[in-house]
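Here the structure is laid out as structure tokens; the discussion comes afterwards.
No lab work stands behind these numbers, since they all come straight from the coordinates. None of these values were measured; they are calculated from a predicted model. As a convention, Cβ positions derive from the backbone with ideal geometry for all residues, glycine included, and neighbour counts pool all protein chains shown.
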Amino acid sequence: MTRFLLSRLFQVVLVLAIMSFVIYGLIGLMPGDPIDLMLTSDPHLTAADVARLRTLKGLDQPLVGRYLAWGAAALQGDFGYSRLYVQPAVSALLPRLANTGLLMGMSFLLAFGIALAAGIAAAKRPGSRLDSLISLLSFSGISVPPFWLGLMLILVFAVTLGWLPAGGIVEVGKGGFLDRLRHLALPVATLTIVEAASQVRFVRAAMIEALRQDYIRTARAKGADEGRVLWGHALRNAMIPIVTVMALSFGGLFSGALVTETIFAYPGMGKLIYDAILGNDFNLALAGLLFATLVTLLANLAADIAYAVIDPRISYA
Amino acid sequence: MALFCALMAGSVAARDSLVIGVSQFPPTFNPNIDTSTAGNYVLGMARRPFTTFDTQWSLVCMLCTEVPSFDNHRAEIIELPEGKKGIRLTFTIRPDARWGDGVPITTKDVLFTYEVGRHPKSGINNAELYRRITGLSAKDDKTFVMEIDKLTFDYAGINDFDVLPEHIEREAFADPEQYHNRSRFDTDPTNPGLYFGPYRITEVVAGSYIVLEPNPTWWGEKPSFPRIVVQTVENTASLEANLLAGSIDMIAGELGPSIEQALAFEARRGKDYTFLYKEGLIFEHIDVNLDHPILKDKRVRQALLYGIDRKAISTQLFGGKQPVADSFVPPLDWVHADDLKTYPYDPDKARAVLDEAGWRDDGSGIRRNAAGERLTLELATTAGNRTRELVEEVLQSQWRKIGVAVRLKNQTARILFGETIRRRNFSMAMFAWSSAPENVPRSTLHSSEIPSAANSYVGQNDTGFRSEEADSLIDRMEIEFDREKRNALWHRLQEIYVEELPSLPLYFRSEAYILPKWLKGVTPTGHQYPSTLWVEHWRAVGRPGS
Amino acid sequence: MTAASRLADRLARPRILASAILLLVLALACFGAPIVAWILGQDASAVDLYARLQGPSLSHPLGTDELGRDQLLRLLQGGQISLLVGLCAAFGAAILGTGIGLLAGYRGGPLDAFLMRLTDGVIALPLLPLLIVLAALDLRKFGVPPALADGDATSLYRIVLIIALLGWTTVARLVRGAALSLKSREFVRAAVALGASERRVMLVHILPNLLSPIIVATTLSVGNVILLESVLSFLGLGIQPPLPSWGNMLSRAEDAINLAPQLALWPGLLIFLTVIACNFLGDGLQDALDPRGAD
């Protein structure tokens, strides 16, 4: 088990290292370099200034050299300065991380609850009307463009009814718990709908598979209470694939959060990365993207571990 | 259910404070590091420049006692080594000016600011200003003398010289290279000693809002709101929703919705708010590359301008709030000439001019010249700017009608400004110049400012406009102190512009202020200095519930 | 009943039929836009500033957009682009994925291990942020000639390419698994024993047996690609105006949402219908083509 963990951890580090180089290289291929930007904002810079700044910023060095220098600093926690936020990239990132964590956490839990309830209800009687309805809703949920869903929610609840704020995170001078919730309502709803719709299909499939097993028949034949059969025996068995899929869906949740945050002007990581890329904030974009990759990799690792822990049949020799 | 009801309850801002909605959060509060519109807007309440343009577009003193002039002997011409002329200016800081912590503002602060500004590694933005100031010395605690290496008619303004508190910032400047990271404006933005305006910043929630409260050391009229909150809502559509919900009181025009959005909002809720539209100095135009084989023919440029219905664009898309531009000088500027040649929409004339220029319609709908080349051009603008993308498609459709095919080639602002325009790799590019009142167009129209590989692409005359007469007019107007004579030079320059059309003028942009009916005293300026520089005059009159 | 007629029977299930018909009608309408334009007597690109944001009328069945153009025609034109992107990118991803999966599954060994780690790595990436980076890259820095890098349809090629480059993983895993099990089947071994070249075995003996899972996966991914395209275009990084796509039409409609909500309604609805039809079709095909799903 320890060897398995270590080897998986090593893989995570390796993928992260490769990704950091790839992303570093890609960002360098984005239009404009930092000097171009300075020239745009200050047209009075002279040719000598340009050359001096280029050397100062190390832009005359080859890519690998710059990457290694950046990597060495990053390992010590120095991800450079954010151009847009005029503070260290990490300090710009951290408060956003908390916001995104809240948004994703709430949506994830809600979606998981809904998916579990609906998936089990559907799996109980496959082919029933309820099953068809749930399937239709789930298909609708995975087929709706998330930003359009967000727009429609804004149109109905913020613009027409005026019940909920259309964006932002807190109102001035309030910032209390209720206020936070009011601002979270629409983004969380958007993300939850999309997320629950895709999860429900996995839960249903896993439950149907579990209910087909012999021991379920045995339990039923013995006259066990149907609720116990469902929630006890079957669910426990179905949990393995469900947990795996949930953990794997984390990366997707991140993409969903990016869209949701942009629509609702919610100051989270996703929007930060988007703004950083569009705003040519190289350091911030790099730090944000790497962080997103790390979170996704860790979620996958968690899936592997959960799989190993729950399912004793898997061996790790 | 109780929770649900509580969530649904609308919220209303506190009754005595003023909540201003803006679309951007300032990246820094240090006035010298990043001069963003959002930063200027907030700092307008908390600090004041030495000089600025007032709402009537004349130069006034804010932190100083008197605008220098030759008459009051605060300005005198000096001879510079190479036979050039410079100017020496004497400013006196208001005797009652004190930082928010009670420390008087003195020449020590001014000298410190100069030291920071001059330092090559301090990372400040407007290095040019400090480069031009060749000497600065203190006469006493309140009076200082400044020497500038260039003599121009607008010598008296030092609008962008933003004084820094030496007693606070000195420590942060210990390592100049790290100054932009360590400035107290960012590490300790609520420090009262950083501000001296009618308000000072008392709370900052990064990315969300900024709270300002009255500053006890303020010397002028007592501000009337006990609290002003500047709330950032990045999505302009939700700015509106927040306004309707009552969680913000007003939307700042400097950082507000586009004119189309404001008009749409006015159409629906016009009676509940005051809508102020202020046309300004932002000049939307299409720069034309004068070295382009087709566009270097003046007649083609003129035909292109005759071929677009700018009036329809102005009235239909912008509700008439953004006037058609006849030249690069806005109508509000006193040097604007009203008797210039204009180019009203006249597709027949456009076709005739193109015929004359050798571009004939061969029946395919697109004109060709004698060599058989098609009249196809490219128009670039900033991708993602909805207004420009719309206008672009209108132009494309209208030019099609006079037999000109235009390909749209949009690029992100970074590429467009950072590379395409600077390196002059374009045929036509639509964007805006923003300028100060009576801003001499040296950087955009003087032939010495054409960016090229030889000068590392410095300069903004990206059309490649070369005219000896224009060069000489620009050179002369900069040093012409007589208003009447200068006006004549301006007039001639505008005549040349409308005849040669190095760029196709479109319209002047407006800002839309959406204010509550009870708020009085807000005066949009129309130039780049924000309305908050007069925030102490803002009053609530007949505010419901107060 | 013969196998063929059973298959035909399954394919005739209402869900599959309805989805297929819906997609067909949408595609016909979109690519028949010139005919619709002729019937209405409208030109989709003709701007009329004096007829902005009009409601439905006889000449403009869905009203006009913010520049007075016919909304129905714009939707159909946008549909051409959206469907084209969906089909091309899904197809590209399928080809790439099949190639990688076949190689990995058939060759096995270190190549398989490497390719599968690569697949895992790509799956583990945060897709959308990465797509945004790729969509923002400056093609000229790759040495693409400027004329091509700034061409009219560059945004179209670019988006097809990057989605295909990141979207091949599902097919690759599927194909690898199937190839792995087919490899040890009698008929494949027989072919190898008879001296068939490796390429021949892969293309002639294995690939045809993988077609049905590949078709299912591709159908499902067409829907996903259309969704992704709309998201990217909405964020301003996908299809660039003046080329219309459902995604960038929505992006513009967002600005006018208070004034003309119908502009935001239609493109969104069409994306939704197209994607759900693809998903139903893919799901239905899976049931129909998978012998285990016959219950």
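Taking only the C-alpha atoms of region B:386-510, the Rg (one decimal) and the largest Cα-Cα distance, Dmax (whole number), read 16.4, 48 Å.
Comparing C:PHE280, C:PHE187, C:PHE31 in a Gaussian network model of chain C, where Cα atoms under 10 Å apart are tied by springs, the biggest mean-square fluctuation is seen for C:PHE187. One equal scatterer on each Cα of region C:67-225, no solvent, Debye formula: the resulting log10 I(q)/I(0) at q = 0.14, 0.15, 0.18 Å⁻¹ is -0.81, -0.89, -1.09. Extending 7 Å from Cα along the Cβ direction at B:GLU66 and again at B:LYS311 yields two label points whose distance is 5.1 nm.
Can you compute the label reach from A:ARG220? Point 7 Å from Cα along the Cβ direction, backbone N cut-off under 18 Å, restricted to region A:96-139. Taking a point 7 Å out along Cα→Cβ of A:ARG220, the residues of region A:96-139 whose backbone N falls under 18 Å are A:119-132. Neighbours of C:GLN262 by Cβ distance under 12 Å: Lys/Arg scored +1, Asp/Glu scored -1, total -2.
Rg/Rh for chain C to two decimals, with Rh computed the Kirkwood way over all alpha-carbon pairs. Radius of gyration over Kirkwood radius for chain C works out to 1.05.
One compactness figure for the protein assembly as shown is 1.01, namely its Cα radius of gyration divided by 2.2 N^0.38 Å.
According to the square roots a ≥ b ≥ c of the eigenvalues of the Cα gyration tensor, what is the shape class of chain B, taking rounded for a/c under 1.5, prolate for a/b larger than b/c otherwise, and oblate for the remainder?
oblate
When the square roots of the Cα gyration tensor eigenvalues are ordered a ≥ b ≥ c, the ratio a/c for region B:342-422 is 1.5 or more and a/b exceeds b/c, which makes its shape prolate. Ordering C:LEU131, C:LEU165, B:LEU263 by the number of other Cβ atoms within 10 Å of each residue's own Cβ, fewest first, gives C:LEU165, B:LEU263, C:LEU131. Other residues within the sphere of radius under 15 Å centred on the Cβ of A:SER132, judged by their own Cβ, net out at +4 (K and R +1, D and E -1). Placing pseudo-labels 7 Å out from each Cα toward the beta carbon at B:LYS85 and B:THR152 gives an inter-label distance of 1.6 nm.
For region C:1-56, count all C-alpha to C-alpha pairs, find those more than 14 Å apart, and express that count as a whole percent of the total. Tail fraction, whole percent: 73. A simple charge model with +1 on the Cβ of Lys and Arg, -1 on the Cβ of Asp and Glu and nothing else charged puts the dipole of region B:51-168 at about 240 debye relative to its Cα centre.
Partners of A:LYS271 within straight-line reach, counting aspartates and glutamates whose Cα lies under 12 Å from its Cα and excluding those fewer than 8 residues away in the same chain: A:GLU261, B:GLU234. DSSP bridge analysis restricted to the protein assembly as shown gives an antiparallel fraction near 80%, rounded to the nearest 5. The GluC sites (Glu not before Pro) of region B:343-393 include none that meets both criteria, a DSSP state outside H, G, I, E and B (loop) and at most 10 other C-beta atoms within 10 angstrom of the site's C-beta. Label zone of B:GLU373 (point 7 Å out along Cα→Cβ, amide N under 13 Å): in region B:268-294 this covers B:291-294. Between C:LEU194 and B:THR134, the simple label model (points 7 Å from Cα in the Cβ direction) yields a spacing of 9.4 nm. Toward the positive end of the charge dipole of chain C, with +1 on the Cβ of Lys and Arg and -1 on the Cβ of Asp and Glu, the farthest Cα among C:LEU96, C:LEU207, C:VAL231 is that of C:LEU207. Charge tally for A:ALA276 (other residues, Cβ to Cβ under 11 Å; Lys, Arg +1; Asp, Glu -1): +1. Cross-link reach is defined here as a Cα-Cα straight distance under 30 Å, omitting same-chain residues fewer than 8 places apart; for B:LYS222 the lysines meeting it are A:LYS174, B:LYS108, B:LYS142, B:LYS278, B:LYS517, B:LYS520. Using just its DSSP H runs of length 4 or more, each adding -39500 (n - 2.57), the protein assembly as shown gives a mean residue ellipticity at 222 nm of -16000 deg cm²/dmol after division by all residues.
The share of alpha-carbon pairs in region B:51-168 lying farther apart than 22 Å comes to 34%. Here chain C is treated with +1 on each Lys and Arg Cβ and -1 on each Asp and Glu Cβ, and its dipole about the Cα centre works out to around 1100 debye. Name the aspartates and glutamates eligible as straight-distance cross-link partners of C:LYS141: C-alpha to C-alpha under 20 Å, and not fewer than 8 places from it in the same chain. Those aspartates and glutamates meeting the cut-off are A:ASP33, A:ASP36, A:ASP60, A:ASP281, B:GLU419, C:ASP150, C:ASP152. Classified by the C-alpha gyration tensor, region A:97-310 has a prolate form. Its axis ratio a/c, with a ≥ b ≥ c, is 1.5 or above, and a/b is larger than b/c. Across the alpha-carbon atoms of region B:282-509, the computed radius of gyration and Dmax are 17.3, 57 angstrom.
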